[in-house]
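The values are calculated or read from the model by the stated rules, or taken from the named source; none is laboratory data. None of the values given here were measured: they were computed from a predicted structure. Using ideal geometry, Cβ is built from the backbone for each residue, glycine included, and neighbour counts are taken over all protein chains shown.
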C-alpha cells in the first residue's frame, strides 16, 4: 500500500509526472473506444457536446489511473515494468496522487452529467469506483481472477459513450462491453507470461503465479475461444454489418491461431526464443481490439451514406 512508502529523496513533481499519473497509454484506448460507442449510437450529439463528453470520460479514466498508482505504489516499486512511475520513483507524494485522483474523479463525473445525462455520469462514477476500489484495492491482491473480473473497468468506456449519446444502454453497448471484457484476460495473461517473475516478486496473485504457466496458456486459449462468438455477435447487430463481420472473422481466426500456438508451447521452448510467440500475441491483441472498434466506426460511416450495411 502507498502509505508504507517514504520518499526521502523526492524531487519536485513536474507537469509530465501528473500526466503520467493519468496513464496516458491506457487513456488513449479509453478515449478511442468511448468515442466509437458515442459515434455509432443511433442518437448523434452536437460536435461540441460530443467532444466534451469524450474529454470528461478521458479525465475520469485518468483519475482512476491516478488512484491506482497511489494505492499500488508499493508493488509498483518492485516490478520492473512500473518502478519508474511517479509515486514509486519519488517524484510525486502518495498524498498528492490521492488528492489529484479524487478531485479529478468528482470533476469528471459532475461535468459529464452537466454535459450529457445522469446515466452516462453514473456509469463513469461506477467505472472509477470499480477500478480504484473493487479491482485495485480488492481483487488485484486477493485472487487470480483479478484480471477477469477487473477487466470490466476497461470495458465500460464504449458503454459510457453510448449512454452519453442516448441516455440509455442497449444490447449493442453491452456487446461492445463484452468484447473488451472477454479480450482483457488473454491480453494480460500473455503479458504475464513474458514478464517472468514481476508479479510473483510483487506478491500479486496473477494466474501465472497461482496456477502456473501451463494453466495460464490453457486459459488464454479458452478465453480466446469464448471471445470469438461475442465479437461475431456484435457484428450481427445494428452497429455491425458486412465490413464488421469480415474484419471480425479474420481477426478472430488469427487470434485463435496465436492462442493455439501459445497453448502448444512449453516453458523451455518459450525461454529459448525469448517468448517470441507470447510477445507477438500480446502485440496483436492491441491491433485486434483497435481494428474491431475501427470497423464499427467505418461501418457507421458506410451506413450513414446508405451503403454496405444490413
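Report the residue count in the range 187-204 for those that are more than 17 Å from residue 33 (Cβ to Cβ) and part of a helix (DSSP H, G or I). Let's see the steps before the verdict.
From the range 187-204, those more than 17 Å from residue 33 (Cβ to Cβ) are 189-204; that's our starting set.
Narrowing further to those that are part of a helix (DSSP H, G or I): 189-194, 198-202.
Number of matching residues: 11.
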For the structure I just gave you, tell me whether residue 35 is over 18 Å from residue 140 (Cα atoms), part of a helix (DSSP H, G or I) and at pLDDT below 90. no
Looking only at the range 41-48, decide whether some residue is in a helix (DSSP H, G or I), out of contact with any strand residue (DSSP E or B) (no Cβ under 9 Å at 6 or more places or on another chain) and in contact (Cβ under 8 Å) with a residue 12 or more places away in the chain. no
Cross-chain or 6+ apart pairs with Cβ under 9 Å, the range 131-153 first and on the phi > 0 side of the Ramachandran plot and at pLDDT 90 or above, then surrounded by fewer than 19 Cβ atoms within 10 Å (Cβ to Cβ) and part of a helix (DSSP H, G or I): none
For the range 285-310, what are the residues that are assigned to a loop (DSSP other than H, G, I, E, B) and without any contact (Cβ under 8 Å) to a residue 12 or more places away in the chain? 305, 306, 307
Anything in the range 196-213 that is free of Cβ contacts under 8 Å to residues at least 60 places away in the same chain and in contact with a helix residue (DSSP H, G or I) (Cβ under 7 Å, 6 or more places away or on another chain)? List them, or say none. 200, 208, 213
With the structure loaded, tell me whether residue 144 is more than 26 Å from residue 180 (Cα to Cα) and out of contact with any strand residue (DSSP E or B) (no Cβ under 9 Å at 6 or more places or on another chain) or whether it fails that test. no
Does residue 287 satisfy the criteria of being out of contact with any strand residue (DSSP E or B) (no Cβ under 8 Å at 6 or more places or on another chain), under 30 Å from residue 44 (Cβ atoms) and exposed (fewer than 14 other Cβ atoms within 10 Å of the Cβ)? yes
